[in-house]
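Accompanying notes for the structure given below.
The values are calculated or read from the model by the stated rules, or taken from the named source; none is laboratory data. Every value quoted in this text rests on a predicted model; they were computed, and no experiment measured them. Note that we place each Cβ from the backbone using ideal geometry, even for glycine, and neighbour counts take in every protein chain shown. Surface accessibility is based on the protein's heavy atoms, side chains included, excluding ligands, DNA and RNA. Shrake-Rupley method; radii C 1.70, N 1.55, O 1.52, S 1.80 Å.
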Amino acid sequence: MIEEKVKKVLQENVDPILSEHYGGSVLTKIEDDVAYVRLTGSCATCPAAQDTIKDVVRTAILGNVEGIRDVMLDDSVSDELLDFARKILQEKR
């Protein structure tokens, strides 16, 4: 239930802002009332990603979803990127 609320806020409030910079957001998990969000597109590699989480994503989620106490940047490597890298490495053999 809370996961769906966070996803809705990301889709309706955050992604329109990030799309102006060719990016987006994905909720990766909620753990101990903390939402972990991965930035996508050009936002994923932006040096200001931490600021985006703090100024845009955290503000939107905490202002609209009860039960979330914080929002953190998930900067782990996505499975899609790992698969892409494996494919490139296999092609070079």
Residue match in the range 1-22 (condition: under 13 Å from Val71 (Cβ atoms), assigned to a strand (DSSP E or B) and touching a residue at least 12 places away in the same chain (Cβ under 8 Å)): no
Positions within the range 83-93 being of a type in the set (A, V, I, L, M, F, W, C) and either surrounded by 11 or more Cβ atoms within 10 Å (Cβ to Cβ) or outside any helix (DSSP H, G or I) (or both), in sequence order: Phe84, Ala85
Selection within the range 56-73 - open to solvent by 10 Å² or more (accessible area, probe 1.4 Å) and farther than 16 Å from Glu12 by Cα: Glu66, Gly67, Ile68, Arg69, Asp70, Met72, Leu73
Condition met for Asp51 (under 13 Å from the mean Cα position of the chain (by Cα), open to solvent by 60 Å² or more (accessible area, probe 1.4 Å) and modelled with pLDDT under 95): yes
